[in-house]
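One structure is given here, and the rest of the page talks about it.
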Amino acid sequence: MQISATMVKELRERTGAGMMECKKALTENNGDMEVAIEWMRKQGMAKADKKAGRIAAEGIIATAMDASGKTAVLVEVNCETDFVGKGDDFIAFANKVAQLICSKKPADLDALLALTLDGATIEDVRRALIAKIGENIQVRRFVCLQSQGTLIGQYSHGGRIGVLVDLKGGDQGLAKDLAMHVAASRPVCVSETGVPKEALDKEREILIAQAQDSGKAHDIIEKMVEGRLKKYLAEITLVGQPFVKDPDQIVSKLLKTANAEVLSFYRLEVGEGIEKQEDNFVQEVMAQVKAS
């Protein structure tokens, strides 16, 4: 059967795939549009399975907030290269996933991937996007914050870092400033009460060992350790850090002046904890030379 340009155009509009891929699908299936679409889906799943093991450490932290401003979302969607991470199709997919999380509030990643997006499950849409783009794409993690306070501060830094801050009291300007601060200063928790006892005990143990090497008296060592521990807690807690927009002011004092309190915050950064593959160009060339 002869495959016309009109048929190829229709299949492209329905699938978003490339011209040559659409022509091949129609040729393989005798011009049957519906069978060609199903064939392309199966091909896409096969491609997705082949690419599943490839490292995807680039991507975007997409954000969403509902109309009430009381629910907000961060979701990390990964790809293999920064180029794809800036592409319209990839960004549109990530934003749709964020909006869906905001409205449906899935319990975990498995529940999210089973949700319906554009007439198919997110998992199927993801696989189709892999087939279209040609890179491994993963929905890695998400947080859905439902405010227990007055409002949520939201900040995105170039799509690479996303922050949500649940603020009691204050105003939207303060909430955004605090979200920007969290993005820049990377606090571990809001205050000392949020530091795990195991982490605190471990840090104290390290500081004691360091101080004992000084050869000072026991009571002096105790004071040294407590002073250094206090400094450590100030560095890792939001309320103990110098405010990024005014380093002479501690965040706790900023909050007190505004009669506000940070109840919680979340910070996600693209690729955190993913071991990236370092390509060695010289070794790659030598391997090709030996192979030839």
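Multiplying the sequence separation of Ile55 and Glu226 by 0.36 nm and subtracting their Cα-Cα distance, what value in nm do you get?
57.2 nm
For the chain, set up a GNM with springs between Cα atoms under 10 Å and report which of Gln148, Gln138, Gln210 has the largest fluctuation.
Comparing Gln148, Gln138, Gln210 in a Gaussian network model of the chain, the most mobile one is Gln210.
With +1 assigned to the C-beta of every Lys and Arg and -1 to the C-beta of every Asp and Glu, and no other charges, what is the dipole magnitude of the stretch 188-247 about the Cα centre in debye, to the nearest 20?
Dipole about the Cα centre, nearest 20: 140 debye.
Across the stretch 111-116, in residue order, what do the Karplus-derived ³J(HN,Hα) couplings come to in whole Hz, using 6.51 cos²θ - 1.76 cosθ + 1.60 with θ = phi - 60° and x for Gly and Pro?
In residue order, the calculated couplings are 5, 5, 5, 8, 5, 8 Hz.
Where does the chain land at 222 nm, in deg cm²/dmol rounded to the nearest 500, when only DSSP H runs of n ≥ 4 count, each adding -39500 (n - 2.57), divided by all residues?
Taking each H run of at least 4 residues, the total per residue is -15500 deg cm²/dmol.
Give the shape of the stretch 130-260 as rounded, prolate or oblate, defined through the alpha-carbon gyration tensor: a ≥ b ≥ c are the square roots of its eigenvalues, a/c under 1.5 means rounded, and otherwise the shape is prolate if a/b is larger than b/c and oblate if not.
Oblate, because a/c is 1.5 or more while a/b does not exceed b/c.
Just tell me, in residue order, which DSSP H segments of the chain are both 18 angstrom or longer along the helix axis (alpha-carbon based) and at least -0.5 in mean Kyte-Doolittle hydropathy.
88-104, 172-185, 218-236
Using the Cα atoms of the stretch 181-225, I'd like the radius of gyration and the largest Cα-Cα distance, Dmax, both in angstrom.
Expressed in Å, the Cα Rg and Dmax of the stretch 181-225 come to 14.1, 41.
Report the equivalent ellipsoid semi-axes for the stretch 50-104 in whole Å, largest first, defined as the square roots of five times the eigenvalues of the gyration tensor built from alpha carbon atoms.
Semi-axes from the Cα gyration tensor: 25, 11, 9 Å.
For the chain, what's the relative contact order in percent, using C-alpha pairs closer than 8 Å and at least 6 residues apart?
RCO, the chain: 17 percent.
Under the rule that an exposed site lies in a DSSP loop and has at most 16 other Cβ atoms within 10 Å, name the longest stretch of the chain with no trypsin sites (Lys or Arg not before Pro) of that kind, not counting the sites themselves.
The reported range is 87-215.
For the chain, go through all pairs of different Cα atoms, get the mean of 1/r, take its inverse, and jot down that Kirkwood value in Å.
22.7
Taken together, the values in this text are just the output of simple stated rules run on the coordinates, not laboratory data. Predicted model, so just to flag it, every value in this text is computed and none were measured. Note: ideal-geometry Cβ built from the backbone for every residue, glycine included; neighbour counts use all protein chains shown.
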